[in-house]
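> Sharing a structure here in structure tokens format.
The values are calculated or read from the model by the stated rules, or taken from the named source; none is laboratory data. The model shown is predicted, which means the values in this text are computed figures rather than measured ones. Every residue, glycine among them, receives a Cβ derived from its backbone with ideal geometry; neighbour counts consider all protein chains shown.
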Amino acid sequence: MAAHLGIRVSNITYYFPTKDHLVNQLSLDLGELNSQTIRKVDRLDMTGFMEMLEKTFENQTRYRCVLLSFVHLLDQNPIMAKRYQETETTRNSTLRANLCSLQENGQILLSSENDLAFLVSSLALIARFWISEAAVSYRQLSPQEQIRHYLGLVARILLPYTTGPGKAALIPYL
């Protein structure tokens, strides 16, 4: 890393004495970036929802070094694992609130709590692990092409629940 940055190793180890310190800082930086991106929106429409997800995927692409080793890092780093549990709860709550906002604004129609739970679980799974799967299955695509592919998957998951206005906003992602 020092060679790539054109600096001495001691410059890095001064600020980050161990790999865990560096990884913790990277995960904090990604978390902060995503906190600025993933927020509850009361008058959310489908376009805004998909744009928020696209920006989140772009953030994850920038920090893919952390996400590609995510499971291993959580096993090895208890501080990061504890922080992630809290982040996951917050993110799922925000996702749930935004899906409810889409319903309140006539973009989607959910017939039961099970529909909402399914969408939260499915979208959280894609958001958490798309980058690892892309590195294996779609490495020939550019990062932007990978993002578009996974936004397309999200659009296909949402499509059965959309109303006319919501469906129209998903068309560019299909």
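> Which one of these is within 24 Å of GLU104 (Cα to Cα) and under 12 Å from the mean Cα position of the chain (by Cα): LEU123, LEU158, LEU153, LEU119?
Working: LEU158 fails: under 12 Å from the mean Cα position of the chain (by Cα); LEU153 fails: under 12 Å from the mean Cα position of the chain (by Cα); LEU119 fails: under 12 Å from the mean Cα position of the chain (by Cα).
Exactly one of LEU123, LEU158, LEU153, LEU119 is within 24 Å of GLU104 (Cα to Cα) and under 12 Å from the mean Cα position of the chain (by Cα), namely LEU123.
> Scan (1) free of Cβ contacts under 8 Å to residues at least 40 places away in the same chain; (2) surrounded by 15 or more Cβ atoms within 10 Å (Cβ to Cβ); (3) closer than 25 Å to ILE108 by Cα; (4) touching a Ser or Thr at 6+ places or on another chain (Cβ under 9 Å) for the single condition TYR63 breaks and write down its number.
The single condition TYR63 does not satisfy is (3).
For every residue, the table says whether it meets (1) of a type in the set (A, V, I, L, M); (2) at pLDDT 95 or above; (3) over 12 Å from the mean Cα position of the chain (by Cα); (4) within 22 Å of ARG148 (Cα to Cα).
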| residue | (1), (2), (3), (4) |
| --- | --- |
| THR18 | no, no, yes, no |
| LEU22 | yes, no, yes, no |
| ARG43 | no, no, yes, no |
| GLU54 | no, yes, no, yes |
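> A further question on this structure: Contact list please: Cβ distance under 7 Å, first residue in segment 85-105 and closer than 14 Å to LYS40 by Cα, second residue modelled with pLDDT under 95 and among the acidic types (Asp, Glu), pairs at least six apart or on different chains.
Final answer for the pair search is SER101/ASP42.
> What's the total number of residues in segment 134-147 that are surrounded by 13 or more Cβ atoms within 10 Å (Cβ to Cβ) and either within 14 Å of the chain's Cα centre (by Cα) or modelled with pLDDT of 95 or more (or both)?
Step one: filter segment 134-147 for residues surrounded by 13 or more Cβ atoms within 10 Å (Cβ to Cβ), giving 134-135, 138, 141, 143, 146-147.
If we keep only those that are either within 14 Å of the chain's Cα centre (by Cα) or modelled with pLDDT of 95 or more (or both) as well, we get 134, 138, 141, 143, 146-147.
Qualifying residue count for the region: 6.
> Out of the residues in segment 122-162 meeting the condition of being not in a helix (DSSP H, G or I) and not hydrophobic (A, V, I, L, M, F, W, C), tell me which one is nearest to CYS65 (Cα to Cα).
Our first condition is that a residue be not in a helix (DSSP H, G or I); within segment 122-162, this holds for 138-142, 162.
Next, only the ones that are not hydrophobic (A, V, I, L, M, F, W, C) stay: 138-140, 142, 162.
Values: TYR138: 16, ARG139: 14, GLN140: 18, SER142: 16, THR162: 35 Å.
Within segment 122-162, the match that is nearest to CYS65 (Cα to Cα) is ARG139.
> Moving on to the next point. I'm trying to understand the selection: among the residues of segment 96-116, which are of a type in the set (A, V, I, L, M, F, W, C) and either exposed (fewer than 14 other Cβ atoms within 10 Å of the Cβ) or part of a loop (DSSP other than H, G, I, E, B) (or both)? Break it down into steps so the answer makes sense when it comes.
Restricting attention to segment 96-116, the residues satisfying the condition of being of a type in the set (A, V, I, L, M, F, W, C) are 97, 99-100, 102, 108-110, 116.
Once the filter is applied, which keeps residues that are of a type in the set (A, V, I, L, M, F, W, C) and either exposed (fewer than 14 other Cβ atoms within 10 Å of the Cβ) or part of a loop (DSSP other than H, G, I, E, B) (or both), segment 96-116 yields LEU109, LEU110.
> Go through segment 18-37 residue by residue and tally those that are among the hydrophobic types (A, V, I, L, M, F, W, C) and more than 12 Å from ARG62 (Cα to Cα). Before you say what the answer is, go through the steps one by one.
If we filter segment 18-37 for residues that are among the hydrophobic types (A, V, I, L, M, F, W, C), which is where we start, we get 22-23, 26, 28, 30, 33.
From what's left, more than 12 Å from ARG62 (Cα to Cα): 22-23, 28.
Qualifying residue count for the region: 3.
> Could we say that GLU86 is within 21 Å of ARG39 (Cα to Cα) and charged (D, E, K, R) here? Full working, then the answer.
Details: within 21 Å of ARG39 (Cα to Cα): yes; charged (D, E, K, R): yes.
So GLU86 fits the description; yes.
> Next question. Being loosely packed, with under 15 Cβ neighbours inside 10 Å and of a type in the set (Asp, Glu) narrows it down to one of GLU58, GLU54, so name that one. If you could, list the steps in order and put the result at the bottom.
On the way: GLU54 fails: loosely packed, with under 15 Cβ neighbours inside 10 Å.
Exactly one residue qualifies, and that residue is GLU58.
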